[in-house]
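Here the structure comes first, spelled out in structure tokens, and everything after it is commentary.
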């Protein structure tokens with residue numbers, strides 16, 4: 001992985017009930033600096049839908065989405 | 001006023017409904033899309049305490065009724081409510097109070113403004129006489145929280161998405177989030193099945209690189225829904241019409257209902273009897 005893409009923080013939201021996966025992602029991003037990357041593990045379906053929408057609305061950027069078996073790994077870059 | 005002088009029909013059309021208790025009425029209000037201001041709630045509380053038994057009833061159609069109003073107080077309640085900007089509701093064979101979700105005024109998913117549309121429809125059609133009750137509901141998106149499928153005339157906001165190849169990174173997020181399986185991403189190539197798409201706009205609002213954009217926003221219309229003893233869901237008969245087309249279609253639908261319904265027939269039954277294609281030809 002490119003050094004610039006290395007996440008500075010990582011959370012696992014698998015098993016969380018909506019909207020907690022979105023809320024935890026929001027809180028984690030709140031404490032980060034612009035440009036920093038957050039790695040989030042998410043279950044497929046509703047969590048991916050809710051988190052990706054909210055991340056975008058808050059002005060952050062999803063830079064990578066990977067399917068790892070039954071869950072997803074999302075890399076989010078904190079916006080300005 | 002003695003009981004034999006009471007014109008129940010006129011009371012009913014004016015939003016006063018006779019209760020099983022002697023000379024007691026429930027005063028129904030004309031609430032549009034469930035929108036009530038704080039000052040109006042205070043006026044309602046005052047009226048319920050002064051003229052009713054101290055409570056109000058929330059109806060299944062986002063409406064409000066003040067029960068236990070004595071016949072002698074009917075006019076006073078009407079005046080107090082009018083002062084607070086709350087008008088009388090309706091019942092019987094008329095166009096009923098309009099249901100609407102908050103749509104894009106509040107909800108992150110809302111694609112249109114159902115509150116604004118509800119006020120316009122209410123101004124134009126509220127309590128207009130029709131062969132049987134006629135219920136309208138407006139949902140801001142295909143999630144259908146306002147249950148347009150249960151109404152005689154359902155309205156649903158929608159957006160048609162368009163894929164921009166040059167913006168797409170092929171990440172596959174849109175395929176994952178699409179509930180209708182309308183998007184397939186294979187080796188960076190996106191295939192979009194318009195027939196399957198329910199115009200919810202999730203792909204647009206979620207795409208990390210804005211490779212999905214709005215091609216067209218509009219209203220999807222449904223006809224013939226009802227609950228009651230013989231329930232049936234409304235069926236979609238046109239997609240993505242604009243506001244002026246919507247009003248034209250609604251005009252024609254009401255006309256169709258007046259011209260074709262037998263006595264006490266809901267429009268769903270009229271359409272079942274005459275045929276959906278005939279209805280479509282008449283209103284589109």
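Looking at B:220, B:191, B:169, can you tell me which residue is touching a helix residue (DSSP H, G or I) at 6+ places or on another chain (Cβ under 9 Å) and either over 21 Å from residue B:110 (Cα atoms) or more than 14 Å from chain A (Cβ to nearest Cβ) (or both)? After ruling out the rest, the residue left standing is B:220. For the residues B:70, B:57, the requirement of being farther than 23 Å from residue B:254 by Cα and under 26 Å from the mean Cα position of the chain (by Cα) singles out B:57. Restricted to region B:171-200, and to residues there that are surrounded by fewer than 16 Cβ atoms within 10 Å (Cβ to Cβ) and within 23 Å of residue A:46 (Cβ to Cβ), the residue that is farthest from the chain's Cα centre (by Cα) is B:184. Of all the criteria given as (1) free of Cβ contacts under 8 Å to residues at least 60 places away in the same chain; (2) under 26 Å from the mean Cα position of the chain (by Cα), the one not satisfied by residue B:206 is (2). Within region B:121-146, the residues that satisfy the criterion of being more than 12 Å from the chain's Cα centre (by Cα), at pLDDT 95 or above and not in a loop (DSSP other than H, G, I, E, B) are B:123, B:124, B:125. Checking A:29, A:33 one by one, the residue that is touching a helix residue (DSSP H, G or I) at 6+ places or on another chain (Cβ under 8 Å) and away from every other protein chain (no Cβ under 14 Å) is A:29 and no other. Among the criteria (1) within 19 Å of residue B:206 (Cα to Cα); (2) touching a helix residue (DSSP H, G or I) at 6+ places or on another chain (Cβ under 6 Å), the one residue A:11 does not fulfil is (1). Scanning region B:152-161 turns up at least one residue that is in contact with a helix residue (DSSP H, G or I) (Cβ under 7 Å, 6 or more places away or on another chain) and part of a loop (DSSP other than H, G, I, E, B).
Screening A:18, A:14 for residues that are out of contact with any strand residue (DSSP E or B) (no Cβ under 9 Å at 6 or more places or on another chain) and more than 9 Å from every other protein chain (Cβ to nearest Cβ) leaves exactly one candidate, A:18.
Select from region B:187-205 the residues that are closer than 15 Å to residue B:168 by Cβ and in contact with a strand residue (DSSP E or B) (Cβ under 8 Å, 6 or more places away or on another chain) and list them in ascending order. Those that are closer than 15 Å to residue B:168 by Cβ and in contact with a strand residue (DSSP E or B) (Cβ under 8 Å, 6 or more places away or on another chain): B:190, B:191, B:192, B:203, B:204.
The residues of region A:48-74 that are within 10 Å of chain B (Cβ to nearest Cβ) and in contact (Cβ under 8 Å) with a residue 24 or more places away in the chain, listed by number, are A:48, A:50, A:51, A:54, A:55, A:60, A:63, A:64, A:72, A:74. Hey, among B:175, B:115, B:149, which residue is within 14 Å of another protein chain (Cβ to nearest Cβ) and part of a helix (DSSP H, G or I)? Result: B:175 is the single residue among B:175, B:115, B:149 that is within 14 Å of another protein chain (Cβ to nearest Cβ) and part of a helix (DSSP H, G or I). Of all residues in region B:226-248, none satisfies being assigned to a helix (DSSP H, G or I), without any contact (Cβ under 8 Å) to a residue 40 or more places away in the chain and surrounded by 17 or more Cβ atoms within 10 Å (Cβ to Cβ). Against the condition surrounded by fewer than 20 Cβ atoms within 10 Å (Cβ to Cβ) and assigned by TED's automatic domain parsing to the domain that holds residue B:135, how does residue B:252 come out, does it pass? Spelling it out, residue B:252 is indeed surrounded by fewer than 20 Cβ atoms within 10 Å (Cβ to Cβ) and assigned by TED's automatic domain parsing to the domain that holds residue B:135.
The values are calculated or read from the model by the stated rules, or taken from the named source; none is laboratory data. As the structure is a computational prediction, the values presented were derived from the model and not from experiment. As a convention, Cβ positions derive from the backbone with ideal geometry for all residues, glycine included, and neighbour counts pool all protein chains shown.
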